[in-house]
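Scroll down for the structure; my scribbles are underneath it.
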Amino acid sequence: MPSSAAPGRATVRKSVSDSPAIAAEASLDLDALYRESNIDATLQTLDRELVGLAPVKDRVREIAALLLVEKLRNRVGLQAHAPPLHMSFTGNPGTGKTTVAMRMAAILKDLGYLRKGHLVACTRDDLVGEFIGHTAPKTREMIKKAMGGVLFVDEAYFLHRPENERDYGKEAIEILLQSMEDHRDDFAVIFAGYAREMQQFFSSNPGLGSRVAHHIDFPDYSPDELYQIAEGMLEDMQYRLSDGAQQTLKNYIGLRREQAHFANARSIRNALDRARLRQARRLFEARGQALDINTLATLEAADFEGSRVFAKASGAMP
Amino acid sequence: MMITQGTFSFLPPLTREQIAAQVSYCLDQGWAVSIEYTDDPHPRNVYWEMFGHPMFDIQDAEGVMLEVDRALEALPHYYIKVNAFDASIGWETIRLSFIIQRPEQEPGFSLERQECAGRNVRYTTRSYAVERRSGSRYGTKERE
């Protein structure tokens, strides 16, 4: 059998020394495969668009490398069973789990592991039914939609409610598990949520935990990274900060991080949205004066100082 | 006799891979695929029962094939067909439809002649299968 004819998944076990033809083709080049897969562009987009997240990017690169090598092994006829694609993303809110999941879907498509590479996001409500017999069709419906792409289960730990024995979440988990096994070539599942709850979730569902091959932890952003993110968002929205506002925003980020319900990038977006609101009111109240394009595009320090975050911080200090 | 209708009616029965390839084509055209079944195969019976919902917003053929597999398993003694519906303005109709399963025994049709006034004859075709109650027309059991 010529070694270039890659066998299917049910490949006969053989050692490298059994097939001398492989050595001859060992120069099969990884670089060519890398270039033809278009994955480089996707990885670069990931680098460019996402601030910080160095450990996440490293893991994504690692996984991409593994999948690429696995593909090459498959090509030369070395033992090659489909590598498991299911993953778990853990981290606090607003740390970019969904965004990275979308990139991951694109990477898996570029490497030929997924046919379409779209992302179907769902939560407990989309999978679990309200009465007996309602859960299975609902879960199957989502799985059908995710075929050829990625099923992104947000806040996955809500699926499992140990305090309620008759909860239908268990049924949804079982169906997911079955499809993850039967259709491992057809779609990938990414479970996402807070680190601590996810750990509990996997330890109480060992069957699920053992089928999830890659765990990626998303760290919180540093204040500098958050400021960079804010700059990026403002650029997209075609706003700019006045010199005074730059320092105010930095102070704001420092204070906001310490307060409750901080959701990283999402909190920053909300803060910017509220600043735009205050800017609009400020401009409206001074509507007698002449406006120019610069005034319309500039957020002043006052637009941030109106925030409750500053009031709370000064109230805390007598 | 083997009843044929719809697209590919002159081809031998399609394999699973061939069905998946056709479904894949339909999805690439942006059509919504649905599954229908019946045990009354009269050519003028255009109202077959739906199996599940029409499958809008499915991206990949394997998603539809999950449902196809379920239909084949649940309805082993029925006619089953796959339809592709085009929702774009101006079409809003089925663009492609083909049978993916037939019962093993197909008894065929009888031709009835009714004599009317003035030596006129009216013709009616009638499936031998419909002589039995719906649900027990083909095969011994409707469901295991």
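Mean silhouette area of region A:198-239, derived from the convex hull of its C-alpha atoms and averaged over all directions, reads 4.7 nm². Candidates A:175, A:158, B:87 compared by Cα position along the dipole of the protein assembly as shown: farthest toward the positive end lies B:87, with charges placed on Cβ.
List residues of region B:44-87, by number, whose backbone nitrogen lies under 19 Å from a label position 7 Å along Cα→C-beta of residue B:10. Output list for this probe position: empty.
Assuming a viscosity of 1.567 mPa s and a temperature of 4 °C, what translational diffusion coefficient in µm² per second does Stokes-Einstein assign to the protein assembly as shown, Rh being the Kirkwood radius over Cα pairs? Can you show the working numbers first?
On the way: Rh = 27.2 Å.
Rounded, D is 48 µm²/s.
Could you give the longest part of chain A that holds none of the GluC sites (Glu not before Pro) found in DSSP loops with at most 10 neighbouring Cβ atoms within 10 Å?
Working: sites that count: A:130, A:163, A:165.
Formally, the longest exposed-site-free interval is A:166-318.
Restricting to DSSP H runs of at least four residues, report the calculated mean residue ellipticity at 222 nm for chain A, -39500 (n - 2.57) per run over all residues, nearest 500 deg cm²/dmol. Display every interim value, and only then the final one.
Values: 16 runs with 178 residues, N = 318.
Using -39500 (n - 2.57) per qualifying helix, the result is -17000 deg cm²/dmol.
Only lysines eight or more places from residue A:170 in sequence, or on another chain, were considered; those with a Cα closer than 16 Å are A:138. May I ask you to list the lysines whose Cα is less than 21 Å away from that of residue A:116, ignoring any residue fewer than eight positions away on the same chain? Counting by Cα, and skipping residues close in sequence, residue A:116 has these lysines nearby: A:71, A:97, A:144, A:145. In terms of other Cβ atoms within 10 Å, A:109, A:312, A:57 run from fewest to most in the order A:312, A:57, A:109.
When you count the other C-beta atoms within 10 angstrom of each residue and take the mean per peptide, B:129-136, A:262-269 line up highest first as A:262-269, B:129-136.
Along the axis of the charge dipole computed for the protein assembly as shown (Cβ charges of +1 for Lys and Arg, -1 for Asp and Glu, origin at the Cα centre), the listed residues B:55, A:85, A:244 are led at the positive end by B:55. A DSSP coil position with no more than 12 other Cβ atoms inside 10 Å describes the following chymotrypsin sites (Phe, Trp or Tyr not before Pro) in region B:1-54: B:10, B:47. If amide H atoms are built 1.01 Å from N in the plane of the peptide, which residues on other chains or at least 5 residues away come under 5 Å of the amide H of residue B:31? When sequence neighbours closer than 5 places are left aside, there are no close amide H contacts.
Think of each Lys and Arg Cβ as +1 and each Asp and Glu Cβ as -1; about the Cα centre, that makes the dipole of the protein assembly as shown roughly 520 debye.
Once both labels are positioned 7 Å from their Cα atoms along Cα-to-Cβ, the gap between residue B:94 and residue A:295 label points is 6.6 nm. Among rounded, prolate and oblate, which fits region B:24-144 when a ≥ b ≥ c are the square roots of the eigenvalues of its C-alpha gyration tensor, a/c under 1.5 means rounded, and a/b larger than b/c means prolate? Oblate is the answer for region B:24-144, as a/c is 1.5 or above yet b/c matches or exceeds a/b. Computed extension gain for residue A:164 through residue A:182, at 0.36 nm per residue and net of the alpha carbon distance, reaches 3.6 nm.
How would A:99, A:139 line up from fewest to most surrounding beta-carbon atoms within 10 angstrom?
A:99, A:139
Normalising the average separation of contacting C-alpha pairs (under 8 angstrom, six or more residues apart) by the number of residues puts the relative contact order of chain A at 19 percent. How would region B:8-59 be classified by its alpha-carbon gyration tensor: rounded, prolate or oblate, with rounded meaning a/c under 1.5 and the a/b versus b/c comparison settling the rest? Oblate, because a/c is 1.5 or more while a/b does not exceed b/c.
When only C-alpha pairs under 8 Å and at least 6 residues apart count, what is the relative contact order of chain B, in percent? Write down the numbers at each step before the final one.
Working: 227 pairs, mean separation 36.7, N = 144.
Reported relative contact order: 25 percent.
Is there a quick way to get the dipole size of chain B? I mean about its Cα centre, with the Cβ of Lys and Arg at +1 and of Asp and Glu at -1; what is the value in debye to the nearest 20?
Numbers: 15 positive and 21 negative charges, 179 e Å.
The dipole of chain B has a size of about 860 debye.
With the cut-off at under 20 Å, measuring from each backbone N in region B:14-54 to a point 7 Å along the Cα-to-Cβ line of residue B:105 picks out B:38-42.
Quick note: the coordinates plus some simple rules give every number you see, no bench work behind them. Computed from a prediction, not measured in an experiment: that's the story for all the values here. As a convention, Cβ positions derive from the backbone with ideal geometry for all residues, glycine included, and neighbour counts pool all protein chains shown.
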